[in-house]
Amino acid sequence: MRDDVVRYMDRSRKYYEAHGYINAYRWAHYETVPIATLSKPLKDCVITLVTTAMPDSSFSGEKDRFHIGDMSVTPDSFYTKERFWDKDATHTDDVSSFFPIEQLRRLSEEGRIGGLSSRYYCVPTEYSQRCTIEHDAPAVLQSCIEDKVDAALLIPL
Amino acid sequence: MGSAKDIVEFCGVARYLFTDFPLGNPCGRPYDLETQEGIINAAMDLLESATAPMTTVQTPYVWDETSEWKDNYMKVDDSNRALLLELGRQRMAAQATVKKR
């Protein structure tokens, strides 16, 4: 067992250099980040989910896109083919391994959280940070405000 | 919640629950309910306890004893260098064709 952590930024830079790409991807970077602590006990909080995949049932067959899903329905499967994940070491057949809707449902039944929001969010990886900042993030925020969400779990694949 | 520690910490987030698994299963090993429950509970603990931004907590779970996946992901060496370059050439040619349309 090793406790070294994979350096994905270096790894992907070298990988794409090997493909002949000259311009390295510029990763989002913030020197300072805000935090908002919970304003009420967790047992009263409404929680939502933000993922980088989208349900197969909502996928049009072309490009995956920003999507708002119905939290009352657990998707059977997600379209993950175009996301970067380790396709040699594992798989994404078990939705709960990357989209913890069932786990949150159990926490709600146990009374650890107040409940799940009515909607969840699919924000497929965009190489445009501008699109993420100017379109996707504000849309998620507005929807969370409407749904009185207290906390969002952001879970990239 | 995620497994690409360097990327998430470089970006900067309020709270980060790190699980050292291959990319794709940040909420637990597939069909492993015990690990999945442990990870979501750790996420809730972090949500309740963190008071400063950029707080990272690592879960105790280990993918396997060999950790070979850590070497294999996006590997570049003499065994695949020529293939990757050729794939890159093909992809760039396809992208150039799309742009001309």
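Of all the criteria given as (1) modelled with pLDDT of 95 or more; (2) more than 7 Å from chain A (Cβ to nearest Cβ), the one not satisfied by residue B:80 is (1). Take the conditions (1) more than 30 Å from residue A:37 (Cβ to Cβ); (2) acidic (Asp, Glu); (3) assigned to a helix (DSSP H, G or I); residue B:48 misses just one of them, which is (1). Considering B:7, B:40, the condition of being at the interface with chain A (Cβ under 7 Å from one of its Cβ atoms), more than 20 Å from residue A:103 (Cβ to Cβ) and β-branched (Val, Ile, Thr) is satisfied by B:7 alone. All conditions but one from (1) closer than 21 Å to residue B:31 by Cβ; (2) surrounded by 15 or more Cβ atoms within 10 Å (Cβ to Cβ) apply to residue A:74; the one that does not is (2).
The values are calculated or read from the model by the stated rules, or taken from the named source; none is laboratory data. The structure presented is a predicted model; accordingly, all values stated were derived computationally and were not measured. As a convention, Cβ positions derive from the backbone with ideal geometry for all residues, glycine included, and neighbour counts pool all protein chains shown.
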